[in-house]
Amino acid sequence: MEDNFELVFSSQEKAIVVSVLLAGESGDRLEEEISELESLLRTLGVQAVGRALQKRHKLTPNCYIGTGKVQEIKDLAQSLGAKLIVFDRNLSGPQVRNLEEMTGMLVLDRTGVILEIFSRHARTNQAKTQVEIARLEYLLPRMTGAWTHFQRQRGGGALQRGMGEKQIEIDRRRARDRISRMQKQLEQIRKEKATQRKSRSNELKVAIVGYTNSGKTTLMKGLTKSQVAPKDELFATLDTSVKTIDPRTRPKILLSDTVGFIRNLSHSLIESFRTTLEEVSEADLLLHVVDVSYAHYEDHIKVTNSVLTDIGAGEVPQVLIFNKVDRLNDPILPRILRSAYPGCIVISAESEKDILKVRDHIYSFFKKNLVTFKMEVPADNQAAQSLVYRNCIIIEKGFDEGRNCLLYHLQATRVSMAKVRNWIVSVDDELFPRELDE
Ligand SMILES: Nc1nc2c(ncn2[C@@H]2O[C@H](COP(=O)(O)OP(=O)(O)OP(=O)(O)O)[C@@H](O)[C@H]2O)c(=O)[nH]1
Ligand SMILES: [Mg+2]
């Protein structure tokens, strides 16, 4: 039987949200972060019934906040009937354990909340495997606390106390074994996906990226006339879906919608989603969707760009799409945005007219950026051939036996062409060679 490690709290639970303001930090930003954490909890069905804030010069290593504050939070939780204490930053394993010992309640941090959402929203085998690896890695140092072995959880109450050291060691070993089994599975999935992408190598790729809940799925739906229903939830989308914008265009343009980003996303979570995000790093163009109705949208842009750099997609050309403009009812905002962010598009993803603006932008981007050229690659240079398959559209392929050379006639965006520049022998045409059908 497969081991199952679960987080022990039910939905409709009540929670106290705890945050710390360090010297020099902005109270405004903290307020935004707390509301974001409360939305994350709402997505789990958990209601935040109280907040506790502590101002500190530095963090305390053993329990993160002062012991007097811990007692105060415990009293507040008891008076409001809350069973969960949720911290807006990430805690270490020992900090969680100490806080649980002191309060007798379940203690969660931001990553724990995000992981729980991810695991509830994962649908495909790939997403489930990725989340489970990140979850077990998160769980390993915390095995004595809120997380417990499923079998024992069934028999007991909310918190399992007094779990023997020997049992904890057994659980840790099982978790590690499971991680390594799942990493092998993920490697297999990654290979299958890479083969799938190779079969789509004669198509142009556009990936929709952005902060969670910015409207990526809504835009995808508009551009591809697909039936996926957007949800007002954080991380509603975890799996990548790929669709053609219009089957009549030549070459075909594929659009992908994928997992959203959020501030302080743990490194192990980004790492585990690398397979999903390969769709993004191999795209020809990124549509970076920003919810402009959120007051600090610049922060969201920064977070998204920093995750993009992290996953090796920092160099992919992107167009900023300011979305949900209908919520603001501000006639001069589009002009302000366009002068602050030249080349951006300001839209409501719910307006058909605006969707056409985005579509036309994609078409004209490729019209401007596609180049056709000829290349010669030595037949034994596998690395160069794989670069061709990953980055270019093959119009024609031949072989020169005398020189043992592969001859390619290719089409690619300028960024992709730069990746294979060592083998280029001539550039045919700087203009888009074939008109896209509208
Ligand atoms: N008013 C308004 N609401 C929008 C617009 N675009 C999206 N929404 C709403 O915003 C919410 C989130 O939209 P999604 O398209 O699911 O956002 P997402 O970026 O895919 O979110 P995740 O997959 O959760 O990261 C939904 O309730 C949408 O109906 C818009 O232009 N105007
Ligand atoms: Mg989505």
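The values are calculated or read from the model by the stated rules, or taken from the named source; none is laboratory data. Model, not experiment: these values are computed from the prediction. When we count neighbours, we look across all protein chains shown, and the Cβ atoms used for this are built from the backbone with ideal geometry, even at glycine.
Numbers for the structure displayed
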{"read-out": "Checklist (1) outside any helix (DSSP H, G or I); (2) charged (D, E, K, R); (3) over 30 Å from Met182 (Cα atoms); (4) within 14 Å of ligand 1 (Cβ to nearest atom) applied to Asp326, failing item", "value": "(1)"}
{"read-out": "Total residues in region 394-419, condition under 35 Å from the mean Cα position of the chain (by Cα) and at pLDDT 90 or above", "value": "1"}
{"read-out": "The lone exception for Thr237 - which of (1) under 11 Å from the mean Cα position of the chain (by Cα); (2) in a helix (DSSP H, G or I); (3) within 11 Å of ligand 1 (Cβ to nearest atom) it fails", "value": "(2)"}
{"read-out": "Residue in region 331-343 that is assigned to a loop (DSSP other than H, G, I, E, B) and either small (Gly, Ala, Ser) or touching a Leu at 6+ places or on another chain (Cβ under 8 Å) (or both) present", "value": "yes"}
{"read-out": "Subset of region 195-208 that is away from ligand 2 (no atom under 11 Å from the Cβ) and at pLDDT 95 or above - its residue that is surrounded by the most Cβ atoms within 10 Å (Cβ to Cβ)", "value": "Ala207"}
{"read-out": "Region 252-268: number of residues that are in a loop (DSSP other than H, G, I, E, B), away from ligand 1 (no atom under 14 Å from the Cβ) and either modelled with pLDDT under 80 or aliphatic (A, V, I, L, M) (or both)", "value": "1"}
{"read-out": "Residue satisfying condition, being out of contact with any strand residue (DSSP E or B) (no Cβ under 7 Å at 6 or more places or on another chain) and under 20 Å from Ser266 (Cβ atoms), within set Leu40, Leu84, Leu30, Leu91", "value": "Leu40"}
{"read-out": "Flag if Asn381 is at pLDDT 90 or above and not assigned by TED's automatic domain parsing to the domain that holds Ile245", "value": "yes"}
{"read-out": "Which numbered condition Val316 fails, given (1) farther than 19 Å from Ala207 by Cβ; (2) assigned to a loop (DSSP other than H, G, I, E, B); (3) aliphatic (A, V, I, L, M)", "value": "(1)"}
{"read-out": "Given (1) near ligand 2 (Cβ under 10 Å from one of its atoms); (2) touching a helix residue (DSSP H, G or I) at 6+ places or on another chain (Cβ under 8 Å), number of the condition Thr249 does not satisfy", "value": "(1)"}
{"read-out": "Meets criteria (under 25 Å from the mean Cα position of the chain (by Cα) and not hydrophobic (A, V, I, L, M, F, W, C)) for Ser79", "value": "no"}
{"read-out": "Test: residue in region 42-58 that is part of a helix (DSSP H, G or I) and surrounded by 14 or more Cβ atoms within 10 Å (Cβ to Cβ)", "value": "yes"}
{"read-out": "Filtered residues of region 260-282 (kept if within 30 Å of Gln411 (Cβ to Cβ) and touching a residue at least 60 places away in the same chain (Cβ under 8 Å))", "value": "Thr275, Thr276, Glu278, Glu279, Val280, Glu282"}
{"read-out": "Long-range neighbours under 8 Å by Cβ, at least six apart or interchain, first residue farther than 22 Å from Leu40 by Cβ and touching a residue at least 24 places away in the same chain (Cβ under 8 Å) within region 202-224, second among the polar types (S, T, N, Q) and within 9 Å of ligand 1 (Cβ to nearest atom)", "value": "Ala207/Thr258; Leu219/Asn323"}
{"read-out": "Failed item in (1) surrounded by fewer than 20 Cβ atoms within 10 Å (Cβ to Cβ); (2) farther than 19 Å from Ser266 by Cβ; (3) not polar (S, T, N, Q), with Arg120 passing the rest", "value": "(2)"}
{"read-out": "Per-region count, region 302-323, residues within 14 Å of ligand 1 (Cβ to nearest atom) and either in the same structural domain as Glu31 (by TED's automatic domain parsing) or surrounded by fewer than 20 Cβ atoms within 10 Å (Cβ to Cβ) (or both)", "value": "1"}
{"read-out": "Which listed residue, of Gly215, Gly155, Gly145, is at pLDDT 90 or above and not hydrophobic (A, V, I, L, M, F, W, C)", "value": "Gly215"}
